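The values are calculated or read from the model by the stated rules, or taken from the named source; none is laboratory data. Since the model is a prediction, treat every value here as computed from it, not as a measurement. We place every Cβ from the backbone using ideal geometry, glycine too, and count neighbours over all the protein chains shown.
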Amino acid sequence: MEKSKHAVEAKNLSISWGGVNVLNQLNLKLNDGEKLAIVGPSGSGKSTILKIIAGLILPTKGELRIFGEKQIYLRLDQNNPPDVRLVFQNPALLGSLTIAENVGFLLKKNKNLSKKLIHEIVCECLAEVGLFNIENKLPNELSGGMQKRVSFARALITDHTLNAKTKPLLLFDEPTAGLDPIASSRIEDLINKTNNKANGSSIVVSHVLSTIERTSDKVLMLYGGKFRWAGSIDEFKKSKDPYVFQFRYGKLDGPMQPKDI
Ligand code: ADP
Ligand code: MG
């Protein structure tokens with residue numbers, strides 16, 4: 001099959017809960033290799049979009065293609081699932097497994113890989129995120145920041161022995177929410193490094209301006225179930241669009257009001 005130039009292609013994607021259309025006929029195209037930020041106020045449905053793309057939930061209506069393949073099942077039920085990696089807002093490591101087991105989880109499925117080789121690949125990924133000699137520790141023996149790095153290492157791990165059809169799609173949900181500006185910069189550097197290493201496409205969901213501006217090429221603004229604005233990072237910085245303006249400057253008056261959420 002010819003490889004699609006779109007990492008993600010969504011048409012009329014909708015999801016509703018209890019009669020509320022959280023996502024209302026969204027169209028989205030992400031070119032292979034592109035880096036997109038999805039922004040919008042809390043509760044606008046950003047995490048929901050990532051969960052649909054990651055195959056954790058199914059949309060109520062609409063069509064989703066990832067690397068050209070139509071997605072109709074949840075990811076666990078799928079044959080040949082696409083290579084989509086979601087980095088959750090909290091590190092979501094498995095508490096009873098060692099760091100090496102957490103990071104190497106994906107490779108265990110491949111019975112052709114020796115324990116020694118898996119260990120080597122795990123250590124390489126941990127080194128990429130600046131972590132050394134922690135593979136035998138349990139998650140609760142590490143600081144929050146280190147756990148976050150481990151979750152990035154887990155997103156980086158690749159089974160080189162498989163003939164990867166496509167490059168990975170990396171999804172980051174609020175990677176810098178609640179962090180101080182310096183910690184945020186470190187995580188933003190890590191996102192860029194992870195993206196470069198994985199050599200794929202990415203979607204970052206965030207409301208932190210530095211994160212949006214430092215990690216992405218283009219921006220989609222989500223509000224009230226619809227994308228209200230789309231543009232490049234440069235346009236996002238200069239735009240006088242009422243949604244973008246209100247979001248950037250945290251204005252109370254503007255098109256986005258609590259009653260609509
Ligand atoms: P964001 O990530 O932009 O803050 P979410 O995607 O988490 O927003 O949620 C969007 C809306 O959908 C919210 O109003 C939330 O309460 C609702 N929602 C999210 N997940 C569920 C669910 N599993 N069941 C019911 N409502 C949900
Ligand atoms: Mg969210």
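Within segment 134-157, being closer than 19 Å to I203 by Cα and either modelled with pLDDT under 85 or surrounded by fewer than 16 Cβ atoms within 10 Å (Cβ to Cβ) (or both) holds for one residue alone: L156. Looking at the structure I just gave you, is S14 out of contact with any helix residue (DSSP H, G or I) (no Cβ under 9 Å at 6 or more places or on another chain), more than 10 Å from ligand 1 (Cβ to nearest atom), at pLDDT below 95 and of a type in the set (G, A, S)? No.
The sole residue among L58, L74, L36 that is of a type outside the set (V, I, T), under 19 Å from K167 (Cα atoms) and within 16 Å of ligand 1 (Cβ to nearest atom) is L36. Could you list, in sequence order, all residues of segment 54-99 that are in contact with a strand residue (DSSP E or B) (Cβ under 8 Å, 6 or more places away or on another chain), among the aliphatic types (A, V, I, L, M) and assigned to a loop (DSSP other than H, G, I, E, B)? Listed by number, the residues that qualify are A54, L56, I57. Of the helices (runs of 4 or more DSSP H) lying entirely inside segment 176-245, those carrying at least 2 residues that are under 18 Å from the mean Cα position of the chain (by Cα) are 181-198, 209-215. When N199 is tested against (1) surrounded by fewer than 20 Cβ atoms within 10 Å (Cβ to Cβ); (2) within 16 Å of ligand 2 (Cβ to nearest atom); (3) on the phi > 0 side of the Ramachandran plot, exactly one condition is not met: (2).
Among the conditions (1) within 16 Å of ligand 1 (Cβ to nearest atom); (2) of a type outside the set (D, E); (3) surrounded by fewer than 15 Cβ atoms within 10 Å (Cβ to Cβ); (4) in contact (Cβ under 8 Å) with a residue 12 or more places away in the chain, F88 misses just one, which is (3).
The number of residues in segment 102-120 being over 22 Å from the mean Cα position of the chain (by Cα) and not basic (K, R) comes to 8.
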